[in-house]
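Visitor: This structure is in structure tokens; I'll ask about it shortly.
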Amino acid sequence: MVQLADYQDRYEFIRLTRDESGILEVLLHTDGDSLRWGASAHREFTSVFRNIALDRGNRVVIIAGTGHEFLGPRADAPGGRTTSVSVGMSFAEEYEMWEKDGFIDQPEMNNALLDIQVPVIAAVNGPARRHCEVPLYSDIVIASEDASFEDSAHFHLQDTVPGDGCHIWMTMLLGINRARAYMLSGDVITADQALSWGLVKEVVPKERVLERAWEVAREIAEKSDSTLRFTRAIMVHPLKKQTLELLRMGVVFEALGALGRNA
């Protein structure tokens, strides 16, 4: 097992604080503003989720964003493209690039998130432009009025197979027909749509998102450790089962699609 002091100051893109009741706030950021996605942030997510899971001092976890967006940038924004432009690369060179950029680590990141052993609350302070599984795999999602959810990094904007988890959480949360249309069209799910479709618990004013997440967390933290841990275990089991069965296959198809596109 680990203690908070072992990992609290280890991360560039994640700020960790915990109160006396065991509520851990995981604040995502880039230089104090909204998180900008990349390979380094990807690897930090895997590491911090693993450490959180092993730390028995954590009783409730809040994952929160910073600034205007929860997670960005959108794939068509400056610095937002992540797909290969490696025309003419060999298979070995392409694989090395994918591994270096963190794509091969995707199953591990999702598994680490789901392995957190206590209830997880997402405080979505604005648009989640990519990797929506990070907030939506949480047990409770509190969204701001300007929050939104989209998959900008795959089929619609980057000619890429949506195989790094999108095909799992979209189908489970949206239903198979709505999920397929979403993956192909690149539609943006607004906060109101997310509420009506059951993706989020509440929509609140932007300035109230983190405060409301803490209110909910304090109520949950009143329960015993055994109740918290066993409740989390039964709630995430269906997600873990689907992730273990389908995620690595999806990543393989995503990689093969990139290789075929760049052949």
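None of the figures in this text is laboratory data; all of them are computed from the coordinates on show. A quick note: this is a predicted structure, and the numbers were derived from the prediction, not measured. Because the Cβ atoms are built from the backbone with ideal geometry, glycine has one as well, and the counts that use them run over all protein chains shown.
Visitor: Tell me the mean residue ellipticity at 222 nm calculated for the chain from its helices only (DSSP H runs of n ≥ 4, each -39500 (n - 2.57), averaged over every residue, nearest 500).
Guide: Values: 11 runs with 121 residues, N = 263.
Using -39500 (n - 2.57) per qualifying helix, the result is -14000 deg cm²/dmol.
Visitor: Once the dipole of the chain is set up with Lys and Arg at +1 and Asp and Glu at -1 on Cβ about the Cα centre, which of L256, F230, Y7 lies farthest towards its positive end?
Guide: F230
Visitor: Taking every Cα atom in the chain, find the radius of gyration and the maximum pairwise distance Dmax, and write them in Å.
Guide: 17.8, 58
Visitor: Please report the antiparallel percentage of the DSSP beta bridges confined to region 4-261, to the nearest 5.
Guide: 30 percent
Visitor: Suppose every Lys and Arg Cβ carries +1 and every Asp and Glu Cβ carries -1, with no other charges. What dipole size does the chain come out with about its Cα centre, to the nearest 20 debye? Kindly include the intermediate steps, with their values, before the conclusion.
Guide: Values: 27 positive and 39 negative charges, 114 e Å.
Roughly 540 debye for the chain.
Visitor: Using only the Cα atoms of region 121-169, build the gyration tensor, take square roots of its eigenvalues as a ≥ b ≥ c, and label the shape rounded, prolate or oblate: rounded if a/c is under 1.5, else prolate if a/b is larger than b/c, else oblate.
Guide: On the way: a/c = 3.94, a/b = 1.65, b/c = 2.39.
Here region 121-169 falls in the oblate category.
Visitor: Next question. What's the local net charge at H154, with K and R +1, D and E -1, over the other residues with C-beta under 9 Å away? Numbers along the way, then the final one.
Guide: Details: positive: R130; negative: D151, D159, D164, E254.
It works out to a net charge of -3.
Visitor: Decide, for region 127-263, between rounded, prolate and oblate: order the square roots of the alpha carbon gyration tensor eigenvalues as a ≥ b ≥ c, take rounded if a/c falls under 1.5, and otherwise choose prolate if a/b is larger than b/c, else oblate.
Guide: Oblate.
Visitor: Just to confirm a number: summing +1 for Lys and Arg and -1 for Asp and Glu over residues other than T17 whose beta-carbon lies under 13 angstrom from that of T17, what do you get? Walk me through the numbers before you get to the answer.
Guide: Numbers: positive: R15, R18; negative: D9, D19, E20, E25.
So the environment of T17 carries a net charge of -2.
Visitor: For the peptides 227-238, 48-59, 127-138, 25-36, what is the packing order when you average, over each peptide's residues, the other Cβ atoms within 10 Å and list the highest mean first? Let's see the in-between values first.
Guide: Values: 227-238: 13.8, 48-59: 20.3, 127-138: 24.9, 25-36: 18.3.
Descending packing order for the listed peptides: 127-138, 48-59, 25-36, 227-238.
Visitor: Sticking with this one: Taking only complete DSSP H runs, can you tell me which helices of the chain stretch 24 Å or more along their own long axis by Cα positions and average at least -1.0 on the Kyte-Doolittle scale? Intermediate results must be reported in sequence, preceding the final value.
Guide: Numbers: long enough: 225-261 (49 Å, 0.26).
Correct list, ordered by number: 225-261.
Visitor: Let me have the relative contact order for the chain, percent, based on Cα pairs under 8 Å that are six or more residues apart. Provide the component values of the computation, followed by the final result.
Guide: Numbers: 503 pairs, mean separation 55.1, N = 263.
The normalised contact order for the chain reaches 21 percent.
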